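Let me begin by presenting the structure, written as structure tokens, before commenting on it.
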Amino acid sequence: MAAGATVHTFEITLADVDRGVYEEVSLRVARHPSETAAFMMTRVLAFCLEHQEGIAFSEGIATADEPAIVVRDLTGALVAWIEVGAPDAERLHRGSCAADRTAVYTHREPAKLLASWEGKRIHRREGVALHSFDRAFIDAAAALVERRNAATVSVTERHLYLELNGTSIDTAICDHPLT
């Protein structure tokens, strides 16, 4: 954990109907002083939406060669490279070469992100998934975050319902193809 990081805990009841994932998830999230609350909340939601055996947060800014979230199989091999925010095309290329699956979750303007990748080399570009959340939803969720958090995350038909510390908000999960 980085010096000066603030640790937030999340006790999450996850019900992802779209994928058939129903879990109780306990997370300890180290938020670096340079990380915004919106970025941290996007990271937590990406973890939930990608939840499977072998998922973990990377070491964050301490390891520039890893994404925000990794999924490894039982042998330790990298299965999924999950970025958060606005990674550059080079990171996506490296992730797509290294893992079977690459995804990006962003709270930023997806059109600008797609434009920044246009014409750049990205391995298996058509297989990279870009998912976005409405900025107002992420800002509202970030405003609800405390040091200790109780949350329910439900997903059905690509719509995310979040109850965080007693307040309910929701948004569509938008998928954007890389062409």
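Every number here is computed from the coordinates shown, using simple stated rules; none is lab data. In this text, all values refer to a predicted model and were calculated from it rather than measured experimentally. All Cβ positions, glycine included, derive from the backbone under ideal geometry; neighbour counts span all protein chains shown.
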Practice task
Please list the non-local residues whose amide H lies under 5 Å from the amide H of Val104, H modeled 1.01 Å from N, same-chain partners needing a gap of 5 or more.
Solution key: Glu83, Ala129, Leu130, His131
Handout entry: Descending principal axes extents, region 114-175, alpha-carbon based, whole Å
Key = 44, 25, 19
Exercise for the section: Using a Förster distance of 30 angstrom, determine the FRET efficiency expected from the C-beta separation of Ser34 and Cys174, and round it to 0.05. Expected result: 0.65
Practice task
Determine one quarter of the surface area of the Cα convex hull of the chain, which equals its mean projected area, and express it in nm² to one decimal.
Solution key: 9.7 nm²
Handout entry: Cβ crowding within 10 Å averaged over residues, with 71-77, 6-12 ranked highest first
Key = 6-12, 71-77
Completion exercise
Computed from the beta carbon distance with a Förster radius of 22 Å, FRET efficiency for Arg72 and Arg19 to the nearest 0.05 stands at 0.70
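Given the chain, what percent of its DSSP beta bridges are antiparallel, to the nearest 5? Don't skip to the end; give the middle numbers.
Working: 34 of 51 bridges.
Taking every DSSP beta bridge with both residues in the chain, the antiparallel ones total about 65 percent.
Please figure out what share of the DSSP beta bridges in region 42-111 is antiparallel and state it in percent, rounded to the nearest 5. Numbers along the way, then the final one.
Values: 7 of 12 bridges.
Bridges in region 42-111 that DSSP calls antiparallel: roughly 60 percent.
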Problem - Nearest 10 degrees, 0 to 90: helix 135-144 Cα axis against the chain principal axis - result: 40 degrees
Fill in the blank from the handout: Taking Cα atoms, the helix 37-49 axis meets the longest principal axis of the chain at an angle in degrees (rounded to 10) of 80 degrees
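About its Cα centre, how strong a charge dipole does the chain have in debye, to the nearest 20, once Lys and Arg get +1 and Asp and Glu get -1 at the Cβ? Mind dumping the intermediate values first?
Details: 18 positive and 26 negative charges, 98 e Å.
Once rounded to the nearest 20, the dipole reads 480 debye.
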Problem - Peptides ranked, highest mean first, by Cβ atoms within 10 Å: ranges 102-108, 113-119 - result: 102-108, 113-119
Exercise for the section: Note the full-extension length gain between Ala56 and Glu11 as 0.36 nm times their separation in residues minus their Cα-Cα distance, in nm to one decimal. Expected result: 14.6 nm
Problem - Residues of region 107-133 with amide N under 17 Å of a point placed 7 Å along Cα→Cβ from Asp100 - result: 124, 127-129
Practice task
For region 62-166, give the share of DSSP beta bridges that are antiparallel, in percent and rounded to the nearest 5; count only bridges with both residues there.
Solution key: 55 percent
Exercise for the section: Could you tell me which of Val84, Leu164, Cys97 has its Cα farthest along the dipole of region 75-179 towards the positive end, charges placed at Cβ (Lys, Arg +1; Asp, Glu -1), taken about the Cα centre? Expected result: Cys97
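So how do Arg101, Arg124, Arg158, Arg31 line up by other beta-carbon neighbours within 10 Å, fewest first? Show your work: numbers first, answer last.
Numbers: Arg101 17, Arg124 14, Arg158 11, Arg31 22.
Lowest count first: Arg158, Arg124, Arg101, Arg31.
Below 8 Å between Cα atoms, with a sequence gap of 6+, how large is the relative contact order for the chain in percent?
Details: 358 pairs, mean separation 39.2, N = 179.
About 22 percent, as a whole number.
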